[in-house]
Amino acid sequence: MNAVVKPSNIKGAIWANASKSSMQRACAAALLSGTEVLLHNPGNSKDDLAALEIIKRLGAQVRQTEDGLLIHSKGIAPVNDLIHCGESGLSIRMFTPIAALSEKEITVTGSGSLVTRPMDFFDQVLPELSVNIKTNGGKLPLQIKGPLIPGNVEIDGSLSSQFLTGLLMSFAAAGAQDVSIRVKDLKSKPYVDLTLEVMKKFGLKIPENRDYKEFYFHGNDQQRLDRIDYTVESDWSGGAFLLVAGAIAGPITVFGLDPFSTQADKAIIQALMDAGAHLSVQDSQINVAPAPLKPFHFNATECPDLFPPIVALAAYCNGRSVIEGTSRLTHKESNRALTLQEEFGKLGVEIELQGDLMIVNGGQGVHSAKVHSHHDHRIAMACAVAALYANGPVTIEEANAIDKSYPDFFNHLGKLGASVLYN
């Protein structure tokens with residue numbers, strides 16, 4: 001599907017979509033809780049649906065109700081020897097050690113860019129935890145056979161914190177006692193905070209966090225809850241695009257984003273403030289409106305998913321904006337540093353890459369053009385937001401990539417008054 005976004009003024013109010021970071025973690029925790037769980041505000045992205053299918057294959061029963069998704073679980077009890085993670089990096093990294101809790105041999109696979117992402121982390125770590133594993137040269141598919149037995153391990157956290165999320169959950173479910181996970185150079189610490197918060201709400205054993213360098217599991221038993229009600233947070237990652245859209249072509253109001261959330265991407269508020277957007281942040285809503293935008297310096301190392309919306313913002317800032325953390329962009333749905341440089345270049349926005357820095361030369365206007373999503377949901381949304389104040393229509397090829405995280409994105413833009421056509 002191609003989408004054509006015409007220059008548009010937007011206004012009104014919209015409720016942010018559900019967070020797939022929160023939703024997928026909740027699915028994993030619900031499976032491991034061994035009890036009845038009601039998920040309110042469940043997500044409907046491709047990644048969310050992949051997580052739901054995984055927990056069903058690992059033994060959970062899932063049913064839609066008027067109040068949300070009702071999940072019944074008795075722990076890990078696979079009913080299938082294959083789990084498919086779609087294109088979700090979080091699912092592959094989180095559910096692989098969780099699936100390894102079973103004695104059954106299980107094949108873990110995925111699709112799209114996931115098949116090219118490095119998975120040799122598991123080759124190195126899982127054998128230390130008594131798990132037999134075979135990979136395709138450090139890539140998918142993986143064949144694993146447990147059961148995983150918690151032990152003292154040291155891991156490299158520089159590539160992704162998602163590997164740590166899977167180990168924390170699997171250790172908790174396995175009843176880890178007096179063992180620790182030591183971590184070198186951990187990135188995206190807020191996502192680890194989100195993992196620990198979800199684990200706590202689902203009654204899973206919480207390790208002692210020793211300054212993000214070591215997570216120590218004491219000998220205490222985890223809490224078993226009879227029933228759990230959990231509301232999936234709205235998504236700061238998707239909401240960031242709405243907020244930037246408001247700063248470019250608003251004013252708009254966005255509901256549902258919790259300013260006290262542990263989600264890393266709430267840092268978009270700081271970027272908008274630094275750029276000089278009109279902004280009002282309240283507990284229940286965020287109001288954002290255009291203003292003369294100035295260049296800014298932003299460190300996205302802990303929140304790399306913010307690069308695409310921040311580039312769209314920087315395109316309209318009058319000068320050179322600097323974004324740190326491009327090393328975090330290599331193993332995404334696309335190499336986002338190069339993809340952003342290429343596609344925004346078509347829009348007349350020059351992007352320079354210097355080591356770990358991205359420099360966006362903004363304020364020269366955004367041009368009408370045809371761009372390509374590279375099958376990357378965040379690239380598609382960034383180009384759509386940048387199109388709102390361009391000098392003509394912007395055609396986004398393979399715009400259906402948004403289904404991975406925010407399938408309602410173009411509908412939401414339309415409700416705010418944007419002109420979006422499909423062909």
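Tell me which of these ALA382 doesn't satisfy, since it passes every other one: (1) touching a Ser or Thr at 6+ places or on another chain (Cβ under 6 Å); (2) surrounded by 24 or more Cβ atoms within 10 Å (Cβ to Cβ).
(1)
Say whether the condition of being surrounded by 19 or more Cβ atoms within 10 Å (Cβ to Cβ), modelled with pLDDT of 95 or more and part of a loop (DSSP other than H, G, I, E, B) is met by at least one residue in the stretch 326-345.
no
Do we find that PHE410 is surrounded by 24 or more Cβ atoms within 10 Å (Cβ to Cβ), at negative phi and part of a helix (DSSP H, G or I) in this structure?
Numbers: surrounded by 24 or more Cβ atoms within 10 Å (Cβ to Cβ): no; at negative phi: yes; part of a helix (DSSP H, G or I): yes.
No: the conditions fail for PHE410.
Spot the failing condition for GLN64; the list is (1) more than 23 Å from LEU168 (Cβ to Cβ); (2) touching a Cys at 6+ places or on another chain (Cβ under 8 Å), and only one is missed.
Of (1) more than 23 Å from LEU168 (Cβ to Cβ); (2) touching a Cys at 6+ places or on another chain (Cβ under 8 Å), only one is false for GLN64: (2).
So GLU208 fits all but one of (1) crowded, with 23+ Cβ neighbours inside 10 Å; (2) over 24 Å from the mean Cα position of the chain (by Cα); what number is the exception?
Checking GLU208 against (1) crowded, with 23+ Cβ neighbours inside 10 Å; (2) over 24 Å from the mean Cα position of the chain (by Cα), the one that fails is (1).
Tell me whether the stretch 23-35 contains one or more residues that are hydroxyl-bearing (Ser, Thr, Tyr), under 24 Å from SER234 (Cβ atoms) and more than 17 Å from the chain's Cα centre (by Cα). Working first, answer last.
Initial filter on the stretch 23-35 (hydroxyl-bearing (Ser, Thr, Tyr)): 33, 35.
Subset that is under 24 Å from SER234 (Cβ atoms): 33.
Applying the additional criterion that residues be more than 17 Å from the chain's Cα centre (by Cα) yields 33.
Yes, the stretch 23-35 contains a residue that is hydroxyl-bearing (Ser, Thr, Tyr), under 24 Å from SER234 (Cβ atoms) and more than 17 Å from the chain's Cα centre (by Cα).
For (1) of a type in the set (Ser, Thr, Tyr); (2) touching a Gly at 6+ places or on another chain (Cβ under 7 Å); (3) surrounded by fewer than 23 Cβ atoms within 10 Å (Cβ to Cβ); (4) within 24 Å of ASN80 (Cα to Cα), each residue gets a yes or a no:
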{"residue": "GLN124", "(1), (2), (3), (4)": "no, no, yes, no"}
{"residue": "LEU140", "(1), (2), (3), (4)": "no, yes, yes, yes"}
{"residue": "LYS145", "(1), (2), (3), (4)": "no, no, yes, yes"}
{"residue": "PHE171", "(1), (2), (3), (4)": "no, no, no, yes"}
{"residue": "VAL179", "(1), (2), (3), (4)": "no, yes, yes, no"}
{"residue": "TYR191", "(1), (2), (3), (4)": "yes, no, no, no"}
{"residue": "LEU196", "(1), (2), (3), (4)": "no, no, yes, no"}
{"residue": "LYS200", "(1), (2), (3), (4)": "no, no, yes, no"}
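Might you check whether a residue that is part of a loop (DSSP other than H, G, I, E, B), of a type outside the set (Phe, Trp, Tyr), without any contact (Cβ under 8 Å) to a residue 60 or more places away in the chain and touching a His at 6+ places or on another chain (Cβ under 9 Å) occurs anywhere in the stretch 96-117?
Of all residues in the stretch 96-117, those part of a loop (DSSP other than H, G, I, E, B) come to 100-105, 110-111, 117.
Checking the rest, the ones that are also of a type outside the set (Phe, Trp, Tyr) come to 100-105, 110-111, 117.
With the extra rule that they be without any contact (Cβ under 8 Å) to a residue 60 or more places away in the chain, the set shrinks to 102-105, 110-111.
Keeping just the survivors that are touching a His at 6+ places or on another chain (Cβ under 9 Å) gives 110-111.
Checked the stretch 96-117: at least one residue is part of a loop (DSSP other than H, G, I, E, B), of a type outside the set (Phe, Trp, Tyr), without any contact (Cβ under 8 Å) to a residue 60 or more places away in the chain and touching a His at 6+ places or on another chain (Cβ under 9 Å).
Can you name the number of the only condition in (1) β-branched (Val, Ile, Thr); (2) surrounded by fewer than 21 Cβ atoms within 10 Å (Cβ to Cβ); (3) assigned to a strand (DSSP E or B) that ILE71 fails?
(2)
Would you mind finding the one in ALA382, ALA337, ALA399, ALA386 that is farther than 20 Å from PHE298 by Cβ and hydrophobic (A, V, I, L, M, F, W, C)?
Working: ALA382 fails: farther than 20 Å from PHE298 by Cβ; ALA337 fails: farther than 20 Å from PHE298 by Cβ; ALA386 fails: farther than 20 Å from PHE298 by Cβ.
So the residue among ALA382, ALA337, ALA399, ALA386 that is farther than 20 Å from PHE298 by Cβ and hydrophobic (A, V, I, L, M, F, W, C) is ALA399.
The values are calculated or read from the model by the stated rules, or taken from the named source; none is laboratory data. The structure displayed is predicted, hence computed values, not measured ones. When we count neighbours, we look across all protein chains shown, and the Cβ atoms used for this are built from the backbone with ideal geometry, even at glycine.
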